[in-house]
Amino acid sequence: LARLRDRLARSGSPLGARLLAVLSRDHLSEDDWDELEETLLLADVGPGPTGELIDALRVRVRVEGLQDPAQVRTLLREQLLALVDPALDRELATAPTTGEDGTVTPAVLLVVGVNGTGKTTTIGKLARLLVAEGRSVVLGAADTFRAAAADQLETWGSRVGVPTVRADRDGADPASVAFDAVRTGKAAGVDVVVVDTAGRLQNKAGLMDELGKITRVIGKEAPLTEVLLVLDATTGQNGLNQARVFGEVAGVTGIVLTKLDGTAKGGIVVAVQRELGVPVKLVGLGEGPDDLAPFDPEAFVDGLLH
Ligand code: GDP
């Protein structure tokens, strides 16, 4: 697989072009089937799902006696869509709740993931999306380990017009910043509080302690409505390993896949959903403030096949 990966990297050929090249042949030979399989593997669909898809496709092509590449392509689209699982609920839980006494409790979104995956940028873009939907938002900078992290979040916040709660000193307790952010949001009556966290994977027990404490402390003020894991789509197996660890320690409810722009590795959507058993809810498609979108399985599969 590493060899195939290198080949694709050298060829620079995107997934869609390769799939179309195979599927535009008059008749699919054994080599063509191999190439189809290889193309899906290279796109990080993962060996399990790729094998299932190819087997199912071959059976249907044989049973239905299909010859026409266009029909095979339609079937491939169907199978890919099934792998992405369009029935999954991808709605973000961003609605505040109102208690019997009329008090409003904001929705709280905790954002986790390794540094460099695009966590801060994603929170900025997400705040913008929420504001555009008419929600009021407070950001919490609970990544207190990198001095620049809170600054970066605050910059995004002011760009989008939402306040950021941050520690008053470097190295403060992340859980206490998270708590402050939620309390501030609640006192101000906002709809949503989005909390950034540090993404240090060196020490799994440490990460688990830290996220566990943040979660418990937030729970004193408001229920946690989402734990979003940010993964970089271009990191392949590394991203899957991160998914595994955060899945174990953080009770992830949704995945944000960043940097899907300009990668031929979109198949990672399938692999990561399988790994975690939770849906990809948002995708990052660039570095700008508008480059975050709800994940749309149909559009995604059409994108793969174009
Ligand atoms: P963090 O360390 O996880 O908070 O990562 P940052 O938010 O600082 O992002 C790391 C880099 O990735 C920055 O240069 C971002 O502009 C870039 N980035 C984030 N999301 C995307 C995306 O969807 N597409 C692209 N092309 N770049 C992104």
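Summary of values
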| item | result |
| --- | --- |
| Flag for Leu23 being under 22 Å from Asp261 (Cβ atoms) and either out of contact with any His (no Cβ under 6 Å at 6 or more places or on another chain) or surrounded by fewer than 17 Cβ atoms within 10 Å (Cβ to Cβ) (or both) | no |
| Checking Val111 against (1) within 22 Å of Pro223 (Cα to Cα); (2) out of contact with any Leu (no Cβ under 8 Å at 6 or more places or on another chain); (3) crowded, with 21+ Cβ neighbours inside 10 Å, the condition it does not meet | (2) |
| Residue match in segment 59-70 (condition: open to solvent by less than 40 Å² (accessible area, probe 1.4 Å), in contact (Cβ under 8 Å) with a residue 24 or more places away in the chain and part of a loop (DSSP other than H, G, I, E, B)) | no |
| Number of the exception - Ala93 against (1) of a type in the set (A, V, I, L, M, F, W, C); (2) out of contact with any strand residue (DSSP E or B) (no Cβ under 9 Å at 6 or more places or on another chain); (3) in a loop (DSSP other than H, G, I, E, B) | (2) |
| From Lys265, Lys204, residue being among the basic types (Lys, Arg) and within 16 Å of the ligand (Cβ to nearest atom) | Lys265 |
| Residue within segment 221-229 that is farther than 30 Å from Gly99 by Cβ, touching a Gly at 6+ places or on another chain (Cβ under 9 Å) and more than 11 Å from the ligand (Cβ to nearest atom) present | no |
| The one condition in (1) of a type outside the set (A, V, I, L, M); (2) closer than 19 Å to Gly266 by Cα; (3) at pLDDT below 75 that Pro49 fails to fulfil | (3) |
| Which listed residue, of Leu285, Leu260, is within 15 Å of the ligand (Cβ to nearest atom) and out of contact with any helix residue (DSSP H, G or I) (no Cβ under 8 Å at 6 or more places or on another chain) | Leu285 |
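The values are calculated or read from the model by the stated rules, or taken from the named source; none is laboratory data. On a predicted model such as this, the values are computed, not experimentally measured, just so you know. Backbone-built Cβ (ideal geometry, glycine too); neighbour counts: all protein chains shown. For the accessible areas, the whole protein counts, side chains as well, though only heavy atoms, and no ligand, DNA or RNA atoms are used. Shrake-Rupley method; radii C 1.70, N 1.55, O 1.52, S 1.80 Å.
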